[in-house]
Amino acid sequence: MARRALRLPGPSARRSRRGDVIGISVLAVLLAVFPFVAPGSLTNVGVYALIYSLAALGLSLLMGLAGQVSLGHAGFFAIGAYTQAVLVTEYEVGGLLASVAAVAVTMAVALAVGLPLLRLRGHYLALATLGFGIIVTVLAAESTFLGATSGIFGIPKPEFNGRVYNSTTEYFLLLVPVVLLALLLARNVVESRIGRALGAVNDSEVAAETLGVDTFRLRLQVFVLSAAYASVAGTAFAHWLGVVNPNAANFPLSVSFLLMAVLGGLGTVYGAVIGAFAVEGLDDGLRRLIPELVPGAVGEVQLIGFGILLTTIMIFLPGGLYQLWTTARRRLSGSDLEDGGAPLPAEGAALPPDEGPLLAREGRPAAGTPLLEVSGLTKRFGGVTAVDDLDLTVHAGEIVALIGPNGAGKTTAFNMISGAVAPTAGTVTMAGTRVEGRKPHVFARAGATRTFQNLQIFGSSTVLGNVMVGRHLRSRTGLIGAALVVPARREERAVEASARELLDLLGLGADADRLAVDLPFGRQRLVEIARALALQPDLLLLDEPMAGLSGAERRDLARLLRRLRAGGMAIVLVEHDVEAVLALADRVAVLEDGVRIALGTPEQVRHDPAVVAAYLGVEPEDSAAVAVAETGPGELP
């Protein structure tokens, strides 16, 4: 499924913001004119389209931002509708106040449901939400308080300032500002710190978590927000239809919401509205057309035609109508590049020549202070012990290398230290905080982060967007502030400025507004490091940072690491280039078959017979190994 590519900020992102504003403005004009030029029957279809678009918009946020599919979204729609109906008919609460209460009730239910369900992934989550929708349907059908299968009748049309909105045109125009406000709030969330973080999660969840993104919490927030959108739709539905029954929670309605979100295109905030009009228009059109083409055709035949048409559209337009629009726009502009034909990224740009301390900051632990303390760390996979009783202490202001033959357990140790993998035994303490067995975002909040052996670039984002995700813990705007945008604006400007400053410092400033995946491999590796440095960590774990780099790029990287060490940062790196490691590190730990066989200065390690034997594949007692160890530097492969 297509989803929104978060490319923030930069010229292309600013164009995207302008495009959203223009798109919403054009949509506002079209909606305002629609009921005056369309026949009454189409205006009635439009009313349902506007109502359903609210629920589809919430689902679009859930799928496009949080990457989660819900097949029970109609359950939240029904909760909002039933709550509104009960408050208005049984307790005579005003419509607006009842709507606020209905949304609050729905959000509370979504929170209770989301806490267990969002620990599931993929089709497991989809099936669990489907079960939720079925439960709501059954409860409504069996509850006498809710009218059982007959539902609740007599829900009045909304009334404001002494005016009852009881005509199709009036109700349509009443819904237009509600939908536009919902679109604006959704756009603000997508373009915010929250949207940026969730876009990163969709690209690489583990990389986002190592930068301090609490993925479960953010997904839960978007899940609750999507339920709130569905609840608003439910309250509007209750007033328009005048009755609510268990069909408001049925599975076909959830599928309709899903179709609207996907058909419109998850790549744009207003795609849900376009999708809602498309689905409702197709549904109404086929009801009229098929009986003329097939005399005597019943609803099932119409439904088959509807399904065939939608399936055909999704086969040829998997990105929805948004894909059709962007393709046409590129062809009209004569460019196949989404960014308007930006020049190719610079290759081989070197780091600035300055050799002084880099990224020193107040409050960082003094050099020599223990930061990372690993004790008895062990990991077993079935009968295989990947890491066995590892002890290691890393101090502020030093570079520690972790080396060993392939399969020695180096990356597994990194994964346990950073929280990506839970250890079988042992403890990991970072700056006084126990972090073993906890998520990577806990490790990041303790002041540490990491890079990866296999690049984990956020491919949907620019270089600048990647680095701004690294500032996630250094900004505080939440979901409400993001939706309202005004409280977040100053913070966003500060985050962008600091990210650009860091990119300039590392020689990446010219590439800031380019997609990170378009850069050469060596530059992408530097982007990953820059992203980690944006966290302002006290400890940086680098997993084979020199892999795939040219000689010049390796020298630049070594110089960068020395400058970071001079700035007070502690660095632990796994690297196969032993000579580069021995020339760079203050201390070296050597693993073999998961066991630490040596720890000391580079000079001590390079003359250790056990280390030489590990690399040459001989026993430490072998005279050949001893002879090699005594020959001096430069002999390790």
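Laboratory data are not the source of any read-out in this text; all were calculated from the coordinates shown. Because the structure is a prediction, the values reported are computed rather than measured. Note: ideal-geometry Cβ built from the backbone for every residue, glycine included; neighbour counts use all protein chains shown.
Observations
- The residues packed around Gly426, meaning those with a beta-carbon under 9 Å from its beta-carbon, carry a net charge of -2 if Lys and Arg are +1 and Asp and Glu are -1.
- Taking His123, His395, His73 and counting other C-beta atoms within 10 Å, the order from fewest to most: His123, His395, His73
- Per-residue HN-Hα couplings for the range 105-116 [Karplus 6.51, -1.76, 1.60; θ = phi - 60°; Hz; x = Gly/Pro]: 5, 4, 5, 5, 5, 4, 5, 5, 6, x, 4, x
- Listed by chain and number, the lysines placed with their C-alpha closer than 16 angstrom to that of Lys379 are Lys410; residues fewer than eight positions away on the same chain are left out.
- Mean Cα-pair separation over length for the range 102-179, i.e. relative contact order, pairs under 8 Å, 6 or more apart, %: 10 percent
- Three principal axis lengths of the range 40-161 [C-alpha, angstrom, descending]: 45, 36, 25
- Rg to Rh quotient for the chain, alpha carbon positions, Kirkwood Rh: 1.07
- Residue among Ala431, Leu484, Gly356 farthest towards the positive dipole end of the range 349-489, charges placed on Cβ: Leu484
- Amide H contacts under 5 Å for Leu266: Ala2, restricted to partners 5 or more places along the chain or on a different chain, H placed in the peptide plane at 1.01 Å from N.
- Helix-only CD estimate at 222 nm, as mean residue ellipticity for the chain, using -39500 (n - 2.57) per DSSP H run (n ≥ 4): -18000 deg cm²/dmol
- Per-bin percent of Cα-Cα distances, the range 65-130 [5 Å]: 4, 18, 23, 19, 13, 10, 8, 4, 1
- Normalised by residue number, the volume inside the convex hull of the Cα atoms of the range 394-463 is 133 Å³ per residue.
- Assuming charge only on the beta carbon of Lys and Arg (+1) and of Asp and Glu (-1), the dipole of the chain about its Cα centre is about 2000 debye to the nearest 20.
- Sequence-distant residues sharing a close amide H with Gln68 (under 5 Å, placed H): Met63
- Computed over the range 450-592: relative contact order in percent, which uses C-alpha pairs under 8 Å that are six or more apart: 31 percent
- Among beta bridges from DSSP that stay inside the range 370-630, the antiparallel ones total about 55%.
- Net +/- balance of residues flanking Lys379 in space, Cβ distance below 13 Å, scoring K and R +1, D and E -1: -2
- Burial order of peptide ranges 500-507, 521-528 (average beta-carbon count within 10 Å, highest first): 521-528, 500-507
- A cut-off under 9 angstrom between Cβ atoms defines the neighbours of Phe443, and their net charge, with Lys, Arg +1 and Asp, Glu -1, is +3.
- Unit Cα scatterers, Debye sum, the range 149-195: log10 I(q)/I(0) for q = 0.13, 0.20, 0.26, 0.32 Å⁻¹: -0.52, -0.77, -0.93, -1.09
- Packing-based ranking of 189-201, 104-116, 558-570 yields 189-201, 558-570, 104-116, ordered from highest to lowest mean Cβ neighbour count within 10 Å.
- Rounded to whole Hz, the Karplus (6.51, -1.76, 1.60) HN-Hα couplings of the range 386-397, x for glycine and proline: 7, 9, 10, 6, 7, 10, 6, 10, 10, 9, 4, x
- Highest average first, the peptides 533-545, 21-33 ordered by how many other beta carbon atoms sit within 10 Å of their residues are 533-545, 21-33.
- Stokes-Einstein, applied to the Kirkwood radius of the range 127-206 over Cα pairs at a viscosity of 1.567 mPa s and 4 °C, places its translational diffusion at 75 µm² s⁻¹.
- This model, with +1 at the C-beta of Lys and Arg and -1 at the C-beta of Asp and Glu, gives the range 370-630 a dipole about its Cα centre of some 1460 debye.
- Computed over the range 377-438: relative contact order in percent, which uses C-alpha pairs under 8 Å that are six or more apart: 32 percent
- Residues whose placed amide H lies under 5 Å from that of Val595, excluding near-sequence neighbours: Asp388
- Relative to the longest principal axis of the Cα atoms of the chain, the long axis of helix 11-37 lies at roughly 10 degrees.
- Kirkwood hydrodynamic radius of the range 370-630, Cα pairs, Å: 19.5 Å
- Relative to the current alpha-carbon distance between Ala328 and Arg555, full extension at 0.36 nm per residue lengthens the span by 77.1 nm.
- Ranked by how many other Cβ atoms sit within 10 Å of their own Cβ, fewest first, the residues Ile399, Ile79 fall in the order Ile399, Ile79.
- Coupling constants for the range 45-51 follow from the phi torsions by the Karplus curve (6.51 cos²θ - 1.76 cosθ + 1.60, θ = phi - 60°), and in residue order they are 4, x, 4, 5, 4, 5, 4 Hz; glycine and proline get x.
- Only one residue of Ile274, Ala236, Ala420 has its Cα farthest out toward the positive end of the dipole of the chain, where Lys and Arg carry +1 and Asp and Glu -1 on Cβ, and that residue is Ala236.
- Most simply put, the chain has about 60% antiparallel DSSP beta bridges, counting only bridges with both residues inside it.
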